[in-house]
Amino acid sequence: MKKELILELFRQFEDACYLYNKIECWSARDLQRILGYTEWRNFLNAVEKAKIACENVGVAVPDHFVDVNKMIEIGKGGQREVDDVALTRYACYLIAQNGDPSKNEIAFAQTYFAVQTRKQEIIEQRLLDVDRVSARDKLSKSEKKLSGIIYERGVDDRGFAIIRSKGDRALFGGYSTNEMKKKLAIPDGRPLADFLPTLTIKAKDFATELTSHNAIEKDLRGENQISSEHVENNQAVRKILIERGVKPEALPPADDVRKIQRKLDADEKKLLKDAKRKK
């Protein structure tokens, strides 16, 4: 395929992209033209095949194929309304995969949307990683804050460790911190929270913030009072999760948050190097 054709197809695909409900989409009518289909009904067959492929992998078809209307130009400057389909990047990828790769337009589309879909997956995963690392950092700060508050109220480091452990037992349905670490096969010497999924980290953080708040508001003092408060807060958070169908102790472990942080740091350094190289 000639470079000029590649650049032209790239421009056409980029120009055809538009936002539909804040999501990047392509008009099926535009895609029909770009991919070289002369008949709308023939292109609709490709769309239907793509819907079946989407359904077969367990992805919700309405999330990627949305029936809409489109105004098209007709003779003498007039317009008329025609049926159209708003297609997500993934939908376009499936349509291209069901096309004839011997056609330059189809071959290009297969590569274009495969790469673009992969880029989106990478971005989404990075955002999830950043969210988890941020949640873990927030929990550390919340625990440090609680430690300072209860230290002023007669609880030492040993007492804080006991309070935190009782909170874990309340959140994890009777499992102690050490029992959860064994259940999730967490290495000795590493904190439980470093291997918890983001939802559980945020649940622990919320319960910890509640305890800090109420320790001051209720003027709680001593290990027993603050421990009871922390247990009640974790039980309340657990109740919400259970009502939403989530058992914290049943969730699988996540990747080591330190490993995720190192990956994010490495990606950041690479981006900086690439940016300097382009200058």
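The values are calculated or read from the model by the stated rules, or taken from the named source; none is laboratory data. None of these values were measured; they are calculated from a predicted model. Here the Cβ positions follow ideal geometry from the backbone for every residue, glycine too, while neighbour counts run over all protein chains shown.
GLY148: outside the structural domain of TRP26 (by TED's automatic domain parsing) and part of a helix (DSSP H, G or I), yes or no?
When the stated conditions are applied, GLY148 passes them.
When the residues of segment 247-263 are filtered to those that are within 18 Å of the chain's Cα centre (by Cα) and hydrophobic (A, V, I, L, M, F, W, C), which remaining residue is farthest from THR200 (Cα to Cα)?
Among those that are within 18 Å of the chain's Cα centre (by Cα) and hydrophobic (A, V, I, L, M, F, W, C), it is ILE260.
Restricting attention to segment 53-67, which residues are surrounded by 13 or more Cβ atoms within 10 Å (Cβ to Cβ) and not in a loop (DSSP other than H, G, I, E, B)?
Within segment 53-67, ALA53, CYS54, VAL61, PHE65, VAL66 qualify.
Among the residues of segment 239-250, count how many are surrounded by 15 or more Cβ atoms within 10 Å (Cβ to Cβ) and either closer than 23 Å to ARG190 by Cβ or modelled with pLDDT under 95 (or both).
2
List pairs: first in segment 1-20 and over 17 Å from ASN104 (Cβ atoms), second surrounded by 10 or more Cβ atoms within 10 Å (Cβ to Cβ) and modelled with pLDDT under 75, Cβ under 6 Å, 6+ apart or cross-chain?
none
Mind checking which residues of segment 176-202 are in a loop (DSSP other than H, G, I, E, B) and either of a type in the set (A, V, I, L, M) or within 18 Å of ALA161 (Cα to Cα) (or both)?
SER176, LEU184, ALA185, ILE186, ASP188, GLY189, ARG190, PRO191, LEU196
What pairs come up if the first residue lies in segment 91-111 and is assigned to a loop (DSSP other than H, G, I, E, B), the second is polar (S, T, N, Q), and their beta carbons are under 8 Å apart, counting only those six or more places apart or on different chains?
GLY99/GLN110; PRO101/GLN110
Determine which member of the set ASP205, ASP219 is out of contact with any Gly (no Cβ under 7 Å at 6 or more places or on another chain) and either surrounded by 14 or more Cβ atoms within 10 Å (Cβ to Cβ) or not in a loop (DSSP other than H, G, I, E, B) (or both).
ASP205
Of the numbered conditions (1) in contact (Cβ under 8 Å) with a residue 60 or more places away in the chain; (2) more than 21 Å from LYS145 (Cα to Cα), ASP168 fails exactly one; give the number of that condition.
With (1) in contact (Cβ under 8 Å) with a residue 60 or more places away in the chain; (2) more than 21 Å from LYS145 (Cα to Cα) applied to ASP168, the lone miss is (2).
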